[in-house]
Structures are given as structure tokens and as C-alpha cells.
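A.B. asks: Quick one: this structure, given as C-alpha cells, is what I'll be asking you about.
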Amino acid sequence: MIGENVTEAIPSPKDSHRRATPVDVLEDSVLIKRGAVQLFRLVQLATELAAAPDLDALLRTITEGLTRLLVATRTTIYVYDEKTGEIWSRVADRLEIREIRLPLGRGIAGQAAKTRQLIHVPDVSKSEHFAPEIDRKTGFVTRSILAAPMLNMKRELIGIVEVLNKKTWTFTEDDEELLRLFASYAANAIEAQILEEAMRRRERMAAVGALAGSIVHDIRNMAALVNGWIDLIQPGAAAGTGSTREIVDVVHGEIDKMVDLTEEVLDFARGIEGQVVPHRVDVDRTLQDVLRVLEREFQINGVKLEFVPGGAGPAKLDVRRFRRVVLNLGQNARKVLPRGGTLKVTTRRDPEKKTCHIEFEDDGPGIPDAIRPRLFTPFTSAGEHGGTGLGLAICKSIVEAHGGTIGVRDRKPQGTIFEISVPGDTIGASGQYPLDKA
Ligand SMILES: Nc1ncnc2c1ncn2[C@@H]1O[C@H](COP(=O)(O)OP(=O)(O)OP(=O)(O)O)[C@@H](O)[C@H]1O
Ligand SMILES: [Mg+2]
């Protein structure tokens, strides 16, 4: 505790050295009974934790169980992200599934993470550390907080567990003790689950890699064959005019997409870092070319595709791979947009940072809350479209292999905006920029 008072609601059994009166005995027996019930609930919760099938279920079990155990209103778990030095919340309870990030030291949870101490704040209005922006974000009104660091066996920080608003008066010393005890147990359960998920993911990726490797080769050969046959059926069709030529173009295009897709999975499973072969290209022109591939698909589905180039300038891109990012983002939007919906692709250059920015803005239903925190990780998919959930993970790995970033935000009043930024290449004093040959 740091300088905050705990108001005890019930007398401590430590006072029992006085001569016991019938009232004392009665109180003691009530306390013992209450303690036994708490202990029983704690053991029950520990058993439930052990049975949780995945990290989401585990975090949900902890938050719901602790809220019940400590007779509170809500529990939030923050996971410590070693890479960024922040703590972030992935699941709180059924009402709160948005991601909240706090640097160490910010808010009560951030303080508990920084000091690695249990912190009890009976009244947040009197606390200098309370961060009101979280309440503003979630619409929840916090009155009191009990926050404990979750440390693993090696005393490393795994996260913070924060219990809010004791329903009966205020949190007691017993509550503090119970939370302290539970936090270390939860830390180990969470760590084990994170490790297991990473292992499961690696195994899955290895399996996908092996499978993709064996079929990519065959598919490439078959595609070359089919392409050859099409040209044979209709000699000179590719050079012809009108509908025949259009049909042949579409079939060739679809076959290319199929080959691309299988290669994409293979690339991803093997990891594409170090494999990127960038060339100096004009970002706007490259985008224009790739978006043309999507035009027909959008047209058939009655979805508008707008391109508003804003002079993004040159960048070093592996066009074949960058194409996949654009196709993935385009197809994702197309899948969720109803007839009449719009995907607008815009570009701009940040002259100060020398970066190229591309935005994919749609007026669709928005990213489902349930998958938001895991959006760019493999096998995250939602909706009835039956995706594998690899698209955005692939986009992220490709953009990052170019030294860029990809992010997502909500569009007002509705829809989603994906933003990509990549380092721009130099532009001469005259404003001219010669490009590499394709
Ligand atoms: N523009 C968008 N608007 C709303 N939801 C989206 C949008 N883009 C992606 N999503 C959601 O994110 C999920 C993950 O997308 P991702 O591209 O990673 O996988 P997928 O499209 O489901 O499968 P795959 O791309 O592997 O075929 C989608 O299932 C969809 O629910
Ligand atoms: Mg997709």
C-alpha cells in the first residue's frame, strides 16, 4: 500500500487475546465460516483456471471469478508487454473488450506495474495516480481500486490484476491478502497459457508451411498449363478485341491470383523477412495497377472502389509482395461491404518524415470487437465469410519487412480505416525521381 488508508469493515481475529465473551465467540465463528467459504471459492476458481482451454477463456475466468470472490463490480487484467514497456488490457468482462494501453507508472495499474506493489485506493477522487481517461473510454465509473502485480516464479512481471468498486463498503485487509495470493497463481497460469499458445501457433505454422510447400509447386505447374491451354483454345485471343479478350484476361488474372495466394501462405509460413526484393517505384502508379485487378470483383458485387492518389512519391517496394497487401485489404473490405458500399483508397506523402501513406477507408460495419485485439495475428477471423484469418497477419509481416507500419482505426460515423506507412525514397531537388525498370 502506498500511503492510502484501508477502512476495515470487520474486526480482526488478532484482537482475540482479550477474554472471550459469547459475542466474541459468535463473531469468531462467523469469521471462520466466512474464511472457509472464501477459501473454498478460491480453490474452486483455481480449478476453473486449470480447465480454461485458451488465453481468452483463462482471462475471462479470472476476471469473473475475482469479481465474485471479492464482491466487487468489475475486474480488469492488464498484460505486460515487455517490448513496448506498456501494460494492455485484452479482456475485462463481457462489457469491456476494447484494448487499453498504459505506460508503466500511468494510472493505478501502471503504478502497480512500476512499483510491483499491491495498491489499494479506497477513493479514486483522492488519488493522484488515478487515470480518468480509462473511465471516459469505457463509460464505467470507478470508485475504489485494488490492484496487484502478477509476478511469475522468477519474480518477472506478467501483468496487473485490478479489482474495481467493492460492493460492500470498501476492500479489506483480507481482500488484499486474497488478491496477493491469487495474483501469483494467476501469473503462472497466464504465463503457461501464453507459452502453450505460442507453441500451438508455431506447430500450426509449421504444418501450414509443409503443406503449402508441397502444393505450391504443383499449382504453379498446373497454372502454367492452364494458361497455355487457354491461349490454344482461342488462338490469338489475347491479342483480339472485345469480349473474348476480356474473358481471357479475366481467366489469366484469376489463375495468377490463385498462384499468388498459395505462394503467400508459403511465404508467411517460412517468414518473409530477408526475402524482400525492393525496387524504386512510384507508389501511386503501383497502387493504380494493383487496384485495377480488383475492379471487376468490386463491380460484380456492386461495391464502389475509388482511388484518390495524393502524390505519395517514390518508395522501395517489392511490388509482388506489396500487391498482396493491397489485394488483402481490398478483398477484406469487399467481403464486408454491402451493395452500394465504398472503399476509398487515398495516398499522401509526409515530406518531413519522408514517408508514404496509404489509407483504405470503407463505410462498412467496422471490425468486430471480439477480434480487435488480435487482429494482426494469424488465424484471427470473424463473420460468415469463412476466411483463414491469415490476410492481415500477412499484410503486417510484408509491411514490416519493408520497414513500415500498418494500423487500424474506426471511421466516423461508421466503417474502418487501415493505414499503411512505408519509408519514402529520395526525390531530387527538381522534384523528379527516376524509377527502377520493372
Ligand atoms: N475492412 C474491414 N471491415 C470490417 N472487418 C474487417 C475488415 N477487414 C478485416 N476485417 C475483419 O478482420 C478479420 C481478419 O481479417 P484477415 O484478412 O486477417 O482474415 P480473413 O479475411 O478472415 O481470412 P483470409 O484473409 O485469410 O482469407 C476478418 O475476418 C474480418 O472479420
Ligand atoms: Mg482477409
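A.B. asks: Considering every Cα-Cα pair within the stretch 13-198, what fraction, in whole percent, is farther apart than 25 Å?
C.D. replies: When every Cα pair of the stretch 13-198 is considered, 34 percent fall beyond 25 Å.
A.B. asks: Right, here's the next one. Got a sec? Charge dipole of the chain, +1 on Cβ for Lys and Arg, -1 for Asp and Glu; which of Asn188, Leu146, Leu157 is way out at the positive end?
C.D. replies: Most positive-ward Cα: Leu146.
A.B. asks: Cross-link list Lys354/Lys396; Lys316/Lys344; Lys83/Lys304: which exceed 30 angstrom alpha carbon to alpha carbon?
C.D. replies: Lys83/Lys304
A.B. asks: May I pose another question? About its Cα centre, how strong a charge dipole does the stretch 300-436 have in debye, to the nearest 20, once Lys and Arg get +1 and Asp and Glu get -1 at the Cβ?
C.D. replies: My answer is approximately 180 debye.
A.B. asks: Report, in degrees rounded to the nearest 10, the 0 to 90 angle that the Cα long axis of helix 173-233 makes with the longest principal axis of the chain.
C.D. replies: 10 degrees
A.B. asks: Could you sort the peptides 396-408, 293-305 by per-residue average Cβ neighbour count (10 Å cutoff), highest mean leading?
C.D. replies: Answer by packing, highest mean first, reads 396-408, 293-305.
A.B. asks: Let me have the relative contact order for the chain, percent, based on Cα pairs under 8 Å that are six or more residues apart.
C.D. replies: About 11 percent, as a whole number.
A.B. asks: Would you mind working out the magnitude of the charge dipole of the chain relative to its Cα centre, with +1 at each Lys and Arg C-beta and -1 at each Asp and Glu C-beta, to the nearest 20 Debye?
C.D. replies: 260 debye
A.B. asks: Net charge near Pro423, counting Lys/Arg +1 and Asp/Glu -1 over other residues with Cβ under 14 Å of its Cβ?
C.D. replies: With Lys, Arg at +1 and Asp, Glu at -1, the neighbours total 0.
A.B. asks: Where the centre of each part is set by its Cα atoms, how far does the stretch 348-401 sit from the stretch 246-276, in angstrom?
C.D. replies: Result: 19 Å between the Cα centres.
A.B. asks: Which order do peptides 29-36, 245-252, 307-314 fall in by mean Cβ count within 10 Å, highest first?
C.D. replies: Order by mean packing, descending: 307-314, 245-252, 29-36.
A.B. asks: Additional query: Calculate for the chain the 222 nm mean residue ellipticity that helices alone would give, adding -39,500 (n - 2.57) per DSSP H run of length 4 or more and normalising by residue count, nearest 500 deg cm²/dmol.
C.D. replies: -15500 deg cm²/dmol
A.B. asks: Which is farthest toward the positive dipole end of the stretch 199-270 among His217, Ile255, Ser243, measuring Cα position about the Cα centre, with Cβ charges +1 (Lys, Arg) and -1 (Asp, Glu)?
C.D. replies: Farthest towards the positive end: His217.
A.B. asks: Then there's this: Please get the size of the charge dipole for the stretch 13-198, origin at its Cα centre, with Cβ charges of +1 on Lys and Arg and -1 on Asp and Glu, quoted in debye to the nearest 20.
C.D. replies: Roughly 380 debye, rounded to the nearest 20.
A.B. asks: How far is helix 242-270 tilted off the main Cα axis of the chain, in degrees rounded to 10, range 0 to 90?
C.D. replies: So the helix axis and the longest Cα principal axis differ by about 40 degrees.
A.B. asks: Test of the criteria: in the stretch 337-397, which chymotrypsin sites (Phe, Trp or Tyr not before Pro) are in a DSSP loop and have at most 16 other Cβ atoms within 10 angstrom of their Cβ?
C.D. replies: Those satisfying the criteria are Phe379.
A.B. asks: Right, here's the next one. Compute the helix-to-body angle for 283-300: its Cα long axis versus the longest principal axis of the chain, expressed 0 to 90° and rounded to tens.
C.D. replies: With both axes taken from Cα atoms, the answer is about 90 degrees.
A.B. asks: Same structure again: With only alpha-carbon pairs counted, each pair once and no self-pairs, how large is the Kirkwood hydrodynamic radius of the chain in angstroms?
C.D. replies: 25.8 Å
A.B. asks: Name the residue farthest towards the positive end of the dipole of the chain from the options Ala393, Pro351, Gln117, assuming +1 on Cβ of Lys and Arg, -1 on Cβ of Asp and Glu, about the Cα centre.
C.D. replies: So the residue we want is Pro351.
A.B. asks: Plugging the Kirkwood radius over Cα pairs into Stokes-Einstein for the stretch 279-423, at a temperature of 37 °C and a viscosity of 0.692 mPa s, what D comes out in µm²/s?
C.D. replies: 214 µm²/s
Read-outs: derived from the displayed coordinates by stated rules, not from any lab. What you are looking at is a predicted structure, and each value in this text was computed from that prediction instead of being measured. In this analysis, Cβ positions are derived from the backbone assuming ideal geometry, glycine residues included, and neighbour counts consider all displayed protein chains.
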